[in-house]
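All remarks here apply to the structure that follows.
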Amino acid sequence: MSIGTTNSFPFDVITIGRVGVDLYPVQDSVTLDKVETFSKYLGGSATNVAIAAACHGLKAAVITRTGNDPFGTFIKSELVRLGVSDEYVFSVPNSRTPVVFAELFPPNNFPLYYYREAKAPDLMIEASELDIEAIVNSKIYWSTLTGLSEEPSRGAHHFAWDKRNKKSHTILDLDYRAALWQSPLLARVEIAKALSKVSVVIGNLEECEIATTQTDPERAADAFLDQGVEIAVIKMGPEGVLAKSKYE
């Protein structure tokens, strides 16, 4: 299905990628087998970015897919409630919306357990379904690494990047989730293919090591710049964030 632009004005932010339902324990500092009650939230990194943009008053949309189930219905209604356009969110027949369970061990240990089908709905995005006009005209186009883990999503990501032609604020969030990849090496290969097509890359220290083999933030940033990005943003946890530009 080919989707045409329905908006009079460009989006400030369009994201593409993972969506799901997060189930967080009401009780913290206990393992899942001991949890008695969960709270339900909308989740998925690409979706969370769109929500954050909308909360800051920006016109935002997310391109993703859900299962044809009640959780998929929840996702669409929750996006609308939070101010994010759901016009690029569709259900995939005979598929189930992913669910993520979390454990809460404050202050900084929050294990995640992904329950996704062999090919989750958000990896079923086809290039022919993309609203390329909206993607090209969006002020920010934000992709995440998970979308490169499987076809047809991988091809759709590259198709959109090629049409956008490395326009400023074409962002790749490394957002590496080991459970969603066969190996770190495969992720590194896909990152390398993507870096020449984006203007900004964002990742934490672990993700930057996977992408560049570098453990030092400065060297990792330099490695990204050498591979063609304009800005590298390295998240360093309690030590803050390093941002480096090729124009410095």
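Could you check Phe159 against (1) at pLDDT 95 or above; (2) open to solvent by 50 Å² or more (accessible area, probe 1.4 Å); (3) over 19 Å from Leu195 (Cβ atoms) and say which number it fails?
Here Phe159 meets the rest and fails (3).
When you look at Leu185, is it open to solvent by 30 Å² or more (accessible area, probe 1.4 Å), free of Cβ contacts under 8 Å to residues at least 40 places away in the same chain, out of contact with any Ser or Thr (no Cβ under 8 Å at 6 or more places or on another chain) and aliphatic (A, V, I, L, M), yes or no?
Taking the combined requirement at face value, the residue satisfies it.
Hand me the list of strands (runs of 3 or more DSSP E) wholly inside segment 85-165 holding 1 or more residues that are farther than 19 Å from Val21 by Cβ.
140-144
Only one of these is free of Cβ contacts under 8 Å to residues at least 60 places away in the same chain and within 28 Å of Lys76 (Cβ to Cβ): Ile135, Ile125, Ile171. Name it.
Ile171
Regarding segment 71-80, can at least one residue be identified that is buried (at least 17 other Cβ atoms within 10 Å of the Cβ) and part of a strand (DSSP E or B)?
Checking segment 71-80: not a single residue is buried (at least 17 other Cβ atoms within 10 Å of the Cβ) and part of a strand (DSSP E or B).
Output yes when any residue across segment 151-171 is within 21 Å of Arg96 (Cα to Cα) and either in contact with a Ser or Thr (Cβ under 8 Å, 6 or more places away or on another chain) or of a type in the set (Ser, Thr, Tyr) (or both), and no when none is.
Within segment 151-171, one or more residues are within 21 Å of Arg96 (Cα to Cα) and either in contact with a Ser or Thr (Cβ under 8 Å, 6 or more places away or on another chain) or of a type in the set (Ser, Thr, Tyr) (or both).
Residue by residue through segment 52-84, note down the ones that are farther than 24 Å from Glu126 by Cβ and either touching an Asp or Glu at 6+ places or on another chain (Cβ under 7 Å) or among the β-branched types (Val, Ile, Thr) (or both).
Correct list: Ala53, Leu58, Lys59.
The values are calculated or read from the model by the stated rules, or taken from the named source; none is laboratory data. In this text the structure is predicted, and so the values were computed from the model without any measurement. Here Cβ is always computed from backbone atoms with ideal geometry, including for glycine, and neighbour counts include all displayed protein chains. Ligands, DNA and RNA are stripped out before the accessible areas are found, and what is left, the full protein with its side chains, is counted by its heavy atoms. Shrake-Rupley method; radii C 1.70, N 1.55, O 1.52, S 1.80 Å.
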